[in-house]
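Okay, so here's the structure we're looking at.
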Amino acid sequence: MGPGVLNNDHIAEFFAHRLRTGLTIKAFGDGTVKDDIGAHGWHIRPDLNLTYDLTSKESAAQTDGHQDTISSLRTERAAILAALYLIRAICNFYDVRTSPSYIQYHLDNKEALSRLNITDDASVFDTANPITTDYDIWAAIRDATSSTPGIYFGTHVKGYQDENNPIDSLSPEAQMNIRMDKIAGDCRIAHPSPLPAKAHSGHQVSLTRNKHIVMTKIHLQLRSALTAPSLQDFIQRKENWDEHIVSMIDWQAHGS
């Protein structure tokens, strides 16, 4: 999001004022995956009555990721990152360098919340082992929180709409969560093809394998990339297999 997007934006200016004066900002997000296509929706608003009004910003976008490994967890994490990027853009444009404000995320995924609440723990990101999936997005989230003023924390949202629990009976936070799920779903339907993973800001290194950025199980994929070709060649020579037989083997299912 470039500066031109925020120029003469009264809502963005309103959020900048809240950040300067230490007032809370609420953020919501959710994601969805179907047929290997993911999307996420996000929303930020002041700590006011949660009735949808003109003092809020929201959007939805397709989530990048490898079609074989993309999951709803990745889309929900992408929603966290999208809201962070908007807040950072507002801070940069309006020169908000420090802020005592709390940025409170309301999410329905407890794992995403637990990671969000420890983004200042650098040891979590030292290796891929603590985060076996979507390391790239978590690294981007950590970079965004460390470079954006404010105090970030998450709150779990409970309650879903069903036959015995109509939407009007839910808390305002749960109603907003349902809204995020809907706009994410509408966005996913609007994009018929998967979006390949891309390099996110804040990365010192991105690992690419077979023309795809590695997002999950980095250690395993590194080991496989280093050892699998030699091992496959050895087995082919030992068993005297031709290329046709080799091509018929699902090497990944055998762990190589």
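The values are calculated or read from the model by the stated rules, or taken from the named source; none is laboratory data. Just so we're clear, the structure is a prediction, and the values are computed from it rather than from any experiment. All accessible areas refer to the heavy atoms of the entire protein, side chains included, with ligands and DNA or RNA removed. Shrake-Rupley method; radii C 1.70, N 1.55, O 1.52, S 1.80 Å.
Residue-wise, which Karplus ³J(HN,Hα) couplings in Hz belong to segment 21-34, taking 6.51 cos²θ - 1.76 cosθ + 1.60, θ = phi - 60°, and x for glycine or proline?
9, x, 8, 5, 10, 9, 10, 10, x, 7, x, 8, 9, 7
Sorting 99, 59 by accessible area (1.4 Å probe), largest first, what list results?
Numbers: 99 20, 59 50 Å².
Largest to smallest exposure gives the sequence 59, 99.
Here is the link list: 26/158; 34/110; 34/198; 26/182; 110/198. Which ones come out longer than 23 Å on Cα distance?
On the way: 26/158 16 Å; 34/110 21 Å; 34/198 20 Å; 26/182 19 Å; 110/198 25 Å.
Beyond 23 Å: 110/198.
Once amide H atoms are built 1.01 Å from N in the peptide plane, which residues 5 or more positions from residue 47, or in another chain, come under 5 Å H to H?
Under 5 Å from the amide H of residue 47 lie the amide H atoms of 24, 26, each far enough along the sequence or on another chain.
Would you kindly find the accessible area of residue 191, with a 1.4 Å probe and non-protein molecules such as ligands, DNA and RNA excluded, rounding to the nearest 10 Å²?
About 70 Å², rounded to the nearest 10.
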